[in-house]
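Visitor: Questions regarding the structure given below will be posed in turn.
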Amino acid sequence: MTDLFPTRHIGTDTDAQSTMLSAIGAASSREWASVEELVAAAVPDSIRVDADRAPALPEPIGERAAIRELRAIAARNTVNRSLIGLGYYGTITPAVIKRNVLENPGWYTAYTPYQPEISQGRLEALINFQTMVSDLTGLDTANASMLDEGTAVVEGMLLARRASKAKSSTFVVDADTFPQTLALLRNRAEAVGIQLAVLDLASLPADAPELSDAFGLFVQYPGASGRVWDPSAVIRTAKDAGAVIVAAADLLALTQLRAPGELGADVAVGTTQRFGVPMGFGGPHAGYMAVRKGLERQLPGRLVGVSQDAVGKPAYRLTLQTREQHIRREKATSNICTAQVLLAVMAAMYAVYHGPAGLRAIGRQVHLSTAGVAGALRASGVEVVSRSYFDTLQVEVDDAATVVARAHDRGLL
């Protein structure tokens, strides 16, 4: 590196700094003749690191030596296995997706493209995502991803409020909802004047009066406890009273279970993390939202559609954009004006890579493995409370805290 390189390419040069100092009247008043003097005057001494107080740094080393040292530090970590669940699960990222999508700078964006003429590949990948979500949920239209499952559920509640003709301000929520989702619902509901009614829907009679006095109903499917049940009767009662039904569904479980659309849900939301996206200490992951026909214009977020180019060939573009914040401002369906495109593309490519039969096989293997664990627990004398489940079990033991602590000591969280 020559002496000229830093001044040419790193930050501002001396002439530019003098010009800026002159613009604020510093150089002319001769109060600060240089940037260093300006910093000394503006930054409190208590947080400034001067030469005599500079931290003691080690001598520089080469790249290979640095990598060895970093690996030695990383080796001190204890690698545990998370069994917490609640929407976050271990998954396998196929090497071809890891290399060509996750690690490919060409896909590095969270955003949907505004310039379709130069973004046909990304838009086609998002069409795959939308089609995948629509097929698995049994609903007509899906958007190009949400930020995560929790915010998708909140958007589902707000969509229900807009779309329902019921005069009630009550939103019925399944008591078997993920705790983090319930916390978000409570936070947002309070801000917009919505009353939450948290009920154990699985044990609620189908003709319960609470179901007839709500603008919307939310079902976690499967539940936080792992329970799988048929909510169609409860859904039917609420819909007959004018409620809009929102279901948070596990996409992998849907390869084995009835789709939310078949159960009567108007809106399906959730996360696509299980489709090849690493847990990443809780995120980020791509959420999803799908709606029945007639609710397309109530969808938040981006929506990719198929059109034609100037010569009549199929072309992809963002559609129904008049719903969105960058056009309708405060009248938009939502203030969410972004997405999780990189992770949505990963999930879509995971589905393409495995295909419908492959996804069903993965879901079946997950369930059979869980059933094997349940059988082993029963054989050991442990009471398995769960009767109908996909991949999460509830068990009853004498001292749960001790069991959890012993599991933690063995690297199971």
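Visitor: Considering region 42-89 alone, what residues qualify as being loosely packed, with under 11 Cβ neighbours inside 10 Å, of a type in the set (S, T, N, Q) and under 30 Å from L393 (Cβ atoms)?
Guide: Within region 42-89, N77, T78 meet the criteria.
Visitor: Then there is this: Restricting to region 63-98, what's the tally of residues that are without any contact (Cβ under 8 Å) to a residue 12 or more places away in the chain and either in contact with a Gly (Cβ under 8 Å, 6 or more places away or on another chain) or more than 14 Å from P278 (Cβ to Cβ) (or both)?
Guide: So the first thing to find is which residues in region 63-98 are without any contact (Cβ under 8 Å) to a residue 12 or more places away in the chain, and the list is 63-77, 95, 98.
Going one step further and asking which of them are either in contact with a Gly (Cβ under 8 Å, 6 or more places away or on another chain) or more than 14 Å from P278 (Cβ to Cβ) (or both), we end up with 63-77.
Going through region 63-98 one residue at a time, the tally reaches 15.
Visitor: Examine region 299-308 for a residue that is part of a strand (DSSP E or B) and modelled with pLDDT of 95 or more, and state whether such a residue exists.
Guide: No: region 299-308 contains no residue that is part of a strand (DSSP E or B) and modelled with pLDDT of 95 or more.
Visitor: Let me ask something else. Quick one: would you say A183 is without any contact (Cβ under 8 Å) to a residue 40 or more places away in the chain, in a helix (DSSP H, G or I) and either crowded, with 20+ Cβ neighbours inside 10 Å or in the same structural domain as A224 (by TED's automatic domain parsing) (or both)?
Guide: In short, yes.
Visitor: How many of the residues making up region 138-163 are over 19 Å from the mean Cα position of the chain (by Cα) and either free of Cβ contacts under 8 Å to residues at least 60 places away in the same chain or surrounded by fewer than 24 Cβ atoms within 10 Å (Cβ to Cβ) (or both)?
Guide: Going through region 138-163 one residue at a time, the tally reaches 5.
Visitor: Against the condition touching a Phe, Trp or Tyr at 6+ places or on another chain (Cβ under 8 Å), closer than 24 Å to Y88 by Cβ and in a helix (DSSP H, G or I), how does V173 come out, does it pass? Break it down into steps so the answer makes sense when it comes.
Guide: On the way: touching a Phe, Trp or Tyr at 6+ places or on another chain (Cβ under 8 Å): yes; closer than 24 Å to Y88 by Cβ: yes; in a helix (DSSP H, G or I): no.
So V173 fails the test.
Visitor: Does A110 fit the bill of being part of a loop (DSSP other than H, G, I, E, B), out of contact with any Lys or Arg (no Cβ under 9 Å at 6 or more places or on another chain), modelled with pLDDT under 75 and not polar (S, T, N, Q)?
Guide: When the stated conditions are applied, A110 passes them.
Visitor: Being surrounded by 12 or more Cβ atoms within 10 Å (Cβ to Cβ) and either over 29 Å from A286 (Cα atoms) or in contact with a strand residue (DSSP E or B) (Cβ under 9 Å, 6 or more places away or on another chain) (or both) narrows it down to one of V345, V382, V366, so name that one. Show your work before the answer.
Guide: Values: V345 fails: either over 29 Å from A286 (Cα atoms) or in contact with a strand residue (DSSP E or B) (Cβ under 9 Å, 6 or more places away or on another chain) (or both); V366 fails: either over 29 Å from A286 (Cα atoms) or in contact with a strand residue (DSSP E or B) (Cβ under 9 Å, 6 or more places away or on another chain) (or both).
None of the other options fit; the residue is V382.
The values are calculated or read from the model by the stated rules, or taken from the named source; none is laboratory data. Note that this is a predicted model, so its numbers are computed, not measured. All Cβ positions, glycine included, derive from the backbone under ideal geometry; neighbour counts span all protein chains shown.
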